[in-house]
Amino acid sequence: MKGAFSLDAARLDGRHIALVDDVMTTGSTLAELARACRKAGAARIEVWTAARAV
């Protein structure tokens, strides 16, 4: 997943972001998306999921 997401055109400076996923398995997709949001300036990132695979 490394480098899969890019938010270069969007600036999230100081924003509170919620990432929503129906089922989280390893968490690598959400972690990479959170990294891209942080790089774009997000101040706070939450992850919301309906279920988590064990």
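Coordinate-derived values only; no laboratory data. None of these values were measured; they are calculated from a predicted model. Here the Cβ is made from the backbone with ideal geometry for all residues, glycine too, and neighbour counts use every protein chain on show.
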Item checked: Inter-label distance for Val54 and His16, nm, one decimal - labels placed 7 Å from Cα along Cα-to-Cβ -> 3.2 nm
Check: Between the helical axis of 28-39 and the dominant principal axis of the chain, each derived from Cα atoms, what acute angle in degrees is found, rounded to the nearest 10?
Finding: 10 degrees
Next item on the list: Compute the length gained on full extension between Thr25 and Arg38: take 0.36 nm times their separation in residues and subtract their Cα-Cα distance, giving the result in nm to one decimal.
Entry: 2.5 nm
Next item on the list: State the three equivalent ellipsoid semi-axes of the chain, derived from the C-alpha gyration tensor as the square roots of 5 times its eigenvalues, in descending order and whole Å.
Entry: 21, 13, 7
Check: Looking at Val47, Leu7, Leu30, which one has the Cα that reaches farthest to the positive end of the dipole of the chain (charges on Cβ: Lys, Arg +1; Asp, Glu -1)?
Finding: Leu7
